[in-house]
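Chemist: Questions regarding the structure given below will be posed in turn.
The values are calculated or read from the model by the stated rules, or taken from the named source; none is laboratory data. Model, not experiment: these values are computed from the prediction. Cβ: placed from backbone, ideal geometry, glycine included. Neighbour counts: every protein chain shown.
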Amino acid sequence: MNPTVKAFFDPATWTVSYVVYEKPGTSAAIVDPVLDYDPKSGRTRTESADQLIAFVREHDLRVEWILETHAHADHLSAAPYLRQQLGGKVAIGGDIGVVQDVFKRVFHLEPEFRTDGAQFDHLFQDGETFAIGPLQARAIATPGHTPACMAYQVGDAVFVGDTLFMPDVGTARCDFPGGSAPTLYRSIQKLLSLPPHTRLFMCHDYPPAGREPAWESTVAAQRAGNVHVRDGVTEADFVALRTRRDATLEMPVLILPSVQVNIRAGELPPPEANGVSYLKIPVNAL
Ligand SMILES: [Fe+2]
């Protein structure tokens, strides 16, 4: 059964969020929702998330799942806001504890901060199957960009997270804590071994000059033309290329706010005595 996929592109963070469902009036999952965040003022807004909500209501969808492909470093997750508005279980890869452990230390978080993923409603294991109403879905572990990355397959559609990008852009970076280029290569091979017509939905697009943003590809198109991992590129070739490129990349603008919030399943840190929630900036630590 091939699902309907509705994409929402956020030009501020180059992120694509999705609503996946069979047809109006049935169940749905939301993938990688964005909470708008202005780093200059420290203000959050819900315009992006409200577009998802409007779409879900217009199509009379019942949200069963809010799926995170990983703890994002470039945007804050709107998962808690969407769950409050629409319901659904917030889920992420079962190895999220590894990421929480690293960043609990980086941010010197409160001792009670748990690093077993307890902030999420569900933790997926590799190969675990689940239902979105009548749709059959499966979690596919795709570590490399982070140790806890998951792709989600729903019928012939796969939400690949930060693994592959569009063929002319290549692949996700592997230089964050716990990232690994050889591991990403093997994860990508798992995705590229799916049937050629499988639809692949990217988590981001960084279009080259002159191309409009795009987010949907296929296994066949990636194997034929991905600039980093098309057929014939060996693991050693990929690792050399990925490592060279990662050495040139700056940190994402929102990495510090994003990670602190996203390892809490999208919740802000506990408010201080004055009722205000604060984000931390570790100086000379990353
Ligand atoms: Fe990412």
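Chemist: Can you confirm whether the range 84-99 contains a residue that is more than 14 Å from the ligand (Cβ to nearest atom), within 27 Å of E58 (Cβ to Cβ) and assigned to a loop (DSSP other than H, G, I, E, B)?
Modeler: Taking the range 84-99 first, the residues more than 14 Å from the ligand (Cβ to nearest atom) are 84-91, 94-95, 97-98.
Imposing the further condition that a residue be within 27 Å of E58 (Cβ to Cβ) reduces the set to 84-91.
Narrowing the set further to residues that are assigned to a loop (DSSP other than H, G, I, E, B) leaves 87-88.
Yes, the range 84-99 contains at least one residue that is more than 14 Å from the ligand (Cβ to nearest atom), within 27 Å of E58 (Cβ to Cβ) and assigned to a loop (DSSP other than H, G, I, E, B).
Chemist: Any idea which of A78, A148 is within 15 Å of the ligand (Cβ to nearest atom), in contact (Cβ under 8 Å) with a residue 60 or more places away in the chain and in contact with a helix residue (DSSP H, G or I) (Cβ under 9 Å, 6 or more places away or on another chain)?
Modeler: Working: A78 fails: within 15 Å of the ligand (Cβ to nearest atom).
When all the criteria are applied, what remains is A148.
Chemist: Here's another thing I want to ask about it. So which of P143, P177, P182 is within 14 Å of the chain's Cα centre (by Cα) and either surrounded by 24 or more Cβ atoms within 10 Å (Cβ to Cβ) or not aliphatic (A, V, I, L, M) (or both)?
Modeler: Values: P177 fails: within 14 Å of the chain's Cα centre (by Cα); P182 fails: within 14 Å of the chain's Cα centre (by Cα).
From the options P143, P177, P182, the qualifying one is P143.
Chemist: Take A141 and tell me if it is under 22 Å from G266 (Cα atoms), within 16 Å of the ligand (Cβ to nearest atom) and of a type in the set (G, A, S).
Modeler: Working: under 22 Å from G266 (Cα atoms): yes; within 16 Å of the ligand (Cβ to nearest atom): yes; of a type in the set (G, A, S): yes.
The answer is yes for A141.
Chemist: For the range 254-281, which positions are of a type in the set (V, I, T) and within 18 Å of T146 (Cβ to Cβ)? Step through it out loud before you land on a result.
Modeler: If we filter the range 254-281 for residues that are of a type in the set (V, I, T), which is where we start, we get 255, 259, 261, 263, 276, 281.
Answer for the range 254-281, where residues must be of a type in the set (V, I, T) and within 18 Å of T146 (Cβ to Cβ): I255, V259, V261, I263.
Chemist: For the subset of the range 198-223 comprising residues that are assigned to a loop (DSSP other than H, G, I, E, B) and among the aliphatic types (A, V, I, L, M), which member is farthest from H75 (Cα to Cα)? Before the answer, list the steps.
Modeler: First, the residues of the range 198-223 that are assigned to a loop (DSSP other than H, G, I, E, B): 198, 203, 205-215.
When the remaining residues are screened for being among the aliphatic types (A, V, I, L, M), the result is 209, 214.
Working: A209: 23, A214: 19 Å.
This residue is A209.
Chemist: Hey, can you tell me all the residues within the range 181-204 that are within 14 Å of the ligand (Cβ to nearest atom) and more than 16 Å from V219 (Cβ to Cβ)?
Modeler: Here is the first cut: in the range 181-204, the residues within 14 Å of the ligand (Cβ to nearest atom) are 184, 187, 202-204.
Result: L184, C203, H204.
Chemist: Turning to a different aspect of this structure: Starting from the range 170-197, take each residue that is at negative phi and list its partners that are assigned to a loop (DSSP other than H, G, I, E, B) and among the aromatic types (F, W, Y), counting only C-beta distances under 7 angstrom and pairs at least six apart or across chains.
Modeler: T171/F165; A172/F165
Chemist: Can you pull out every residue in the range 15-25 that is out of contact with any helix residue (DSSP H, G or I) (no Cβ under 7 Å at 6 or more places or on another chain) and surrounded by 18 or more Cβ atoms within 10 Å (Cβ to Cβ)?
Modeler: So in the range 15-25, the residues out of contact with any helix residue (DSSP H, G or I) (no Cβ under 7 Å at 6 or more places or on another chain) come out as 15-16, 18, 20-25.
T15, V16, Y18, V20, Y21, E22 - these are the residues of the range 15-25 that are out of contact with any helix residue (DSSP H, G or I) (no Cβ under 7 Å at 6 or more places or on another chain) and surrounded by 18 or more Cβ atoms within 10 Å (Cβ to Cβ).
Chemist: Go through the range 91-113 and count every residue that is touching a Leu at 6+ places or on another chain (Cβ under 8 Å) and under 25 Å from W14 (Cα atoms). Spell out how you get there, then give the answer.
Modeler: Within the range 91-113, the subset touching a Leu at 6+ places or on another chain (Cβ under 8 Å) is 91-94, 96, 103, 106.
From the residues that got through so far, the ones that are under 25 Å from W14 (Cα atoms) too are 91-93, 96, 103.
Counting residues in the range 91-113 that are touching a Leu at 6+ places or on another chain (Cβ under 8 Å) and under 25 Å from W14 (Cα atoms) gives 5.
For (1) crowded, with 22+ Cβ neighbours inside 10 Å; (2) closer than 13 Å to I263 by Cβ; (3) at pLDDT 95 or above; (4) in contact with a helix residue (DSSP H, G or I) (Cβ under 6 Å, 6 or more places away or on another chain), each residue gets a yes or a no:
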position: I92; (1), (2), (3), (4): yes, yes, yes, no
position: V99; (1), (2), (3), (4): yes, yes, yes, no
position: L109; (1), (2), (3), (4): no, yes, yes, no
position: E112; (1), (2), (3), (4): no, no, yes, no
position: E128; (1), (2), (3), (4): no, no, yes, no
position: I132; (1), (2), (3), (4): yes, no, yes, no
position: R138; (1), (2), (3), (4): no, no, yes, no
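Chemist: A further question follows. If you check every pair at least six apart or on different chains, which have Cβ atoms under 9 Å apart with a residue in the range 242-253 that is of a type in the set (D, E) first and a residue that is surrounded by 13 or more Cβ atoms within 10 Å (Cβ to Cβ) second?
Modeler: That search, which allows pairs on different chains as well, returns D246/R173; D246/C174; D246/D175; D246/G179; D246/A181.
Chemist: Turning to a different aspect of this structure: Just one of V169, V160 is β-branched (V, I, T) and either away from the ligand (no atom under 16 Å from the Cβ) or in a loop (DSSP other than H, G, I, E, B) (or both); which is it?
Modeler: Working: V160 fails: either away from the ligand (no atom under 16 Å from the Cβ) or in a loop (DSSP other than H, G, I, E, B) (or both).
V169 is the lone residue from the list that is β-branched (V, I, T) and either away from the ligand (no atom under 16 Å from the Cβ) or in a loop (DSSP other than H, G, I, E, B) (or both).
Chemist: Could you figure out which of (1) without any contact (Cβ under 8 Å) to a residue 12 or more places away in the chain; (2) assigned to a loop (DSSP other than H, G, I, E, B) isn't true of H228?
Modeler: Going through the list (1) without any contact (Cβ under 8 Å) to a residue 12 or more places away in the chain; (2) assigned to a loop (DSSP other than H, G, I, E, B), H228 breaks only (1).
Chemist: Give the residue that is farthest from the ligand (Cβ to nearest atom), with candidates limited to residues of the range 52-69 that are touching a residue at least 12 places away in the same chain (Cβ under 8 Å) and either surrounded by fewer than 17 Cβ atoms within 10 Å (Cβ to Cβ) or at positive phi (or both).
Modeler: Ranking the candidates gives D60 first.
Chemist: What do you reckon, is V239 surrounded by fewer than 22 Cβ atoms within 10 Å (Cβ to Cβ), within 30 Å of D101 (Cβ to Cβ), in contact with a Phe, Trp or Tyr (Cβ under 8 Å, 6 or more places away or on another chain) and of a type outside the set (K, R)? Before you say what the answer is, go through the steps one by one.
Modeler: Numbers: surrounded by fewer than 22 Cβ atoms within 10 Å (Cβ to Cβ): yes; within 30 Å of D101 (Cβ to Cβ): yes; in contact with a Phe, Trp or Tyr (Cβ under 8 Å, 6 or more places away or on another chain): yes; of a type outside the set (K, R): yes.
The answer is yes for V239.
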